[in-house]
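Report on the structure given below.
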Amino acid sequence: MGKDTITLTDNRTGKQYEVPVKDGTINAMDLRQIKADPDDFGLMTYDPAFMNTANCRSAITFIDGDKGILRYRGYPIEELAEEKTFLEIAWLLLKGELPSREEYGAWKTDVTHHTMVRENIKRLIDGFQYDAHPMGIFVSTVGALSTFYPEAKHVDDPANRKLQILRLIAKVPTIAAYSYRHRMGLPYVMPDNDLYYTGNFLNMLFKMAELKYAVNPTIERALDILFILHADHEQNCSTTAMRGIGSSRADPYSALAGAAAALYGPLHGGANEAVLHMLKEIGSVSAIPPFVEKVKKGEGRLMGFGHRIYKSYDPRARILKEMAHKVFAITGRNRLLDVALELERIALSDEYFVKRKLYPNVDFYSGLIYQSLKFPVEMFPVLFAIPRTVGWLAQWEEMLVDPDQKIARPRQIYTGYDVRHLPEFEKQETARA
Ligand code: ACO
């Protein structure tokens, strides 16, 4: 075994540099010493979209994209989805260990007792246009929470952070449900403290005139598993936004609103909405081959396919594909499932997709399940944002206590003009020269 270093030769100067290799990376700052001449700024790396740059050290989530492995704090996602509840996973992601029975009991009680929002939050939501997209309401309302809890800005105080984390996890289902009720023109439903997290969310969404909302346990469990699968996914676009905003020491509500805004994009959390539109547009199994041909010609993408990290089957998609059948046994078969299954079959045997390692991702089946649970497509990214709140907060906390971290501030390669002058200053500059 050789040394854990790499030797770089600068062919501009003939100089050699020995740079340490740690955890399969070199420290980008070690390149700064490499200069063509003494006035040179020093070598940088150019990595738009962070294709090959580790931005942090993290002990929360592990992904092996080639093997299709996803683990939270070391536990395989398949085991967690089978055995645990979303609130246990929330604790696991935040604290690093699964809760003891006592810890879990206290955590559930704490979360339950922070689910209510102030009355003026409801009035804030009322102010939105009747057809406002619920994700727009969600992003704005989460951001507005920072004005209700101004002490949240003391992000260096661990006890304060703990309280805001609890508030956010408890209140995001309420805000999400109210964004839905507003759009449907329905009155807001109070949280029901007798119910578990996802059961209460269903209650706040769907309760009508009945005294007590009857939660269907299979639906509640299906939603809980969906939440488990979406809880964290290491350094994705929205988590990077959360860390980036949080790095300026913004309060967690403002940072989380930014993360949720990043999630809203169709290439990220908006993809399951896009999948449904795509499946509807295809409409029938017979229309799949011409659609696939269009995609191969570069006219659009197969939504719900492909992933920056997974170059094999997304393990979350595998769990959801199975779960879809269980949910449809209760809700009735979603006719778009046939289109989805056939589309997957055709794509996975087509050279174009095989060569590019494009497999179904988590969004491919989640949209179908959400639709069968009677969620309008506009709610899909909101349903993603609720569980991902846990991941964003775990990553935010980890970032704040990491001594390596500072305010995020990438470099650029400047490609604009060298100096030029306004006509009014031209003469003076010429005279000075
Ligand atoms: N359909 C058709 N072709 C695709 C797709 C797709 N869904 N995804 C990638 N490709 C092709 C690209 O055209 C490119 O082909 P080329 O090499 O001939 O130019 C090649 O595969 C590589 O694509 P990139 O865009 O470089 O891959 P990248 O890692 O940047 O993108 C992304 C990943 C954004 C997820 C992409 O696969 C995509 O747009 N998928 C559809 C949207 C989607 O499902 N997003 C959800 C992601 S999961 C999540 O956020 C929860």
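The values are calculated or read from the model by the stated rules, or taken from the named source; none is laboratory data. Predicted, not measured: the structure shown is a model, and the values here were computed from it. Cβ coordinates were reconstructed from backbone atoms using ideal geometry, including for glycine residues, and neighbour counts include every protein chain displayed. Just so you know, the surface numbers come from the protein's heavy atoms only, side chains and all, with ligands and any DNA or RNA stripped out. Shrake-Rupley method; radii C 1.70, N 1.55, O 1.52, S 1.80 Å.
Which is touching an Asp or Glu at 6+ places or on another chain (Cβ under 7 Å) and away from the ligand (no atom under 16 Å from the Cβ), of V327, V275, V285, V292? Even if it seems obvious, please write down each step before you answer.
Details: V327 fails: touching an Asp or Glu at 6+ places or on another chain (Cβ under 7 Å); V275 fails: away from the ligand (no atom under 16 Å from the Cβ); V292 fails: away from the ligand (no atom under 16 Å from the Cβ).
Result of the check over V327, V275, V285, V292: V285.
Looking only at region 23-45, count how many residues are among the hydrophobic types (A, V, I, L, M, F, W, C), over 27 Å from D402 (Cα atoms) and surrounded by 10 or more Cβ atoms within 10 Å (Cβ to Cβ).
At the first step, the residues of region 23-45 found to be among the hydrophobic types (A, V, I, L, M, F, W, C) are 26, 28-29, 31, 34, 36, 41, 43-44.
Next, from what is left, pick out any that are over 27 Å from D402 (Cα atoms): 34, 36, 41.
Okay, now just the ones that are also surrounded by 10 or more Cβ atoms within 10 Å (Cβ to Cβ), so 34, 36.
So the answer is 2.
Regarding region 341-355, can at least one residue be identified that is small (G, A, S), more than 9 Å from the ligand (Cβ to nearest atom), open to solvent by 10 Å² or more (accessible area, probe 1.4 Å) and within 25 Å of the chain's Cα centre (by Cα)? Spell out the reasoning first.
The initial filter retains those residues of region 341-355 that are small (G, A, S), namely 347, 349.
Checking which are more than 9 Å from the ligand (Cβ to nearest atom) leaves us with 349.
With the extra rule that they be open to solvent by 10 Å² or more (accessible area, probe 1.4 Å), the set shrinks to 349.
Checking the rest, the ones that are also within 25 Å of the chain's Cα centre (by Cα) come to none.
Within region 341-355 (the criterion being small (G, A, S), more than 9 Å from the ligand (Cβ to nearest atom), open to solvent by 10 Å² or more (accessible area, probe 1.4 Å) and within 25 Å of the chain's Cα centre (by Cα)), the answer is no, since none of the residues qualifies.
Can you say whether H268 is over 24 Å from A144 (Cβ atoms), modelled with pLDDT under 95, open to solvent by 30 Å² or more (accessible area, probe 1.4 Å) and of a type outside the set (V, I, T), as far as the supplied structure shows?
Details: over 24 Å from A144 (Cβ atoms): no; modelled with pLDDT under 95: yes; open to solvent by 30 Å² or more (accessible area, probe 1.4 Å): yes; of a type outside the set (V, I, T): yes.
When the stated conditions are applied, H268 does not pass them.
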State which residue is farthest from A347 (Cα to Cα) when the search covers only region 313-332 and only residues that are outside any helix (DSSP H, G or I) and open to solvent by 20 Å² or more (accessible area, probe 1.4 Å).
G332
For region 360-387, which residues satisfy the criterion of being near the ligand (Cβ under 10 Å from one of its atoms), outside any helix (DSSP H, G or I) and either small (G, A, S) or open to solvent by 10 Å² or more (accessible area, probe 1.4 Å) (or both)?
N361
Considering only residues that are more than 17 Å from the chain's Cα centre (by Cα) and within 16 Å of the ligand (Cβ to nearest atom), which ones fall in region 52-63?
N52, T53
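Table: residues versus (1) at pLDDT 95 or above; (2) within 14 Å of the ligand (Cβ to nearest atom); (3) out of contact with any helix residue (DSSP H, G or I) (no Cβ under 6 Å at 6 or more places or on another chain); (4) open to solvent by 10 Å² or more (accessible area, probe 1.4 Å).
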position: N203; (1), (2), (3), (4): yes, no, yes, no
position: M208; (1), (2), (3), (4): yes, no, yes, yes
position: Y213; (1), (2), (3), (4): yes, no, no, yes
position: L223; (1), (2), (3), (4): yes, no, no, no
position: S238; (1), (2), (3), (4): yes, yes, no, no
position: I245; (1), (2), (3), (4): yes, no, no, yes
position: S248; (1), (2), (3), (4): yes, no, yes, yes
position: A260; (1), (2), (3), (4): yes, yes, no, no
position: Y264; (1), (2), (3), (4): no, yes, no, yes
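Do we find a residue being open to solvent by 60 Å² or more (accessible area, probe 1.4 Å), closer than 27 Å to P191 by Cα and of a type in the set (A, V, I, L, M, F, W, C) anywhere in region 111-120?
Yes, region 111-120 contains at least one residue that is open to solvent by 60 Å² or more (accessible area, probe 1.4 Å), closer than 27 Å to P191 by Cα and of a type in the set (A, V, I, L, M, F, W, C).
Can you spot a residue in region 281-300 that is closer than 24 Å to H230 by Cα and in contact with a Leu (Cβ under 6 Å, 6 or more places away or on another chain)? Break it down stepwise before answering.
Taking region 281-300 and keeping what is closer than 24 Å to H230 by Cα, we get none.
No, region 281-300 has no match at all.
Of these, P99, P48, P20, which one is at pLDDT 95 or above, under 29 Å from L267 (Cα atoms) and either within 33 Å of the chain's Cα centre (by Cα) or open to solvent by less than 40 Å² (accessible area, probe 1.4 Å) (or both)? Let's see the steps before the verdict.
On the way: P99 fails: under 29 Å from L267 (Cα atoms); P20 fails: under 29 Å from L267 (Cα atoms).
Of P99, P48, P20, the one residue that is at pLDDT 95 or above, under 29 Å from L267 (Cα atoms) and either within 33 Å of the chain's Cα centre (by Cα) or open to solvent by less than 40 Å² (accessible area, probe 1.4 Å) (or both) is P48.
Select from region 154-164 the residues that are of a type in the set (A, V, I, L, M) and in a helix (DSSP H, G or I) and write down the one among them that is nearest to L195 (Cα to Cα). Steps first, please.
Start the filter on region 154-164 by keeping residues that are of a type in the set (A, V, I, L, M), which leaves 155, 159, 163.
Next, from what is left, pick out any that are in a helix (DSSP H, G or I): 159, 163.
On the way: A159: 27, L163: 22 Å.
By that ranking, first place goes to L163.
Looking only at region 295-312, filter to residues that are of a type in the set (G, A, S) and open to solvent by less than 30 Å² (accessible area, probe 1.4 Å); which one of those is nearest to the ligand (Cβ to nearest atom)? Even if it seems obvious, please write down each step before you answer.
Step one: filter region 295-312 for residues of a type in the set (G, A, S), giving 298, 300, 304, 306, 312.
Add one more test, that the residue is open to solvent by less than 30 Å² (accessible area, probe 1.4 Å), and what stays is 304, 306, 312.
Values: G304: 5, G306: 2, S312: 14 Å.
Once the filter is applied, the top-ranked residue is G306.
Mind listing just one residue for me: the one in region 18-53 that is among the basic types (K, R) and not in a strand (DSSP E or B) and, of those, nearest to T5 (Cα to Cα)? Break it down into steps so the answer makes sense when it comes.
Here is the first cut: in region 18-53, the ones among the basic types (K, R) are 22, 32, 35.
Applying the additional criterion that residues be not in a strand (DSSP E or B) yields 32, 35.
Working: R32: 16, K35: 19 Å.
Ranking the qualifying residues of region 18-53, first place goes to R32.
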Selected residue [basic (K, R) and within 22 Å of G391 (Cα to Cα)] from K108, K15, K3, K35
K108
Residues of region 124-162 that turn out to be surrounded by 16 or more Cβ atoms within 10 Å (Cβ to Cβ) and in contact with a helix residue (DSSP H, G or I) (Cβ under 7 Å, 6 or more places away or on another chain), as a count
21
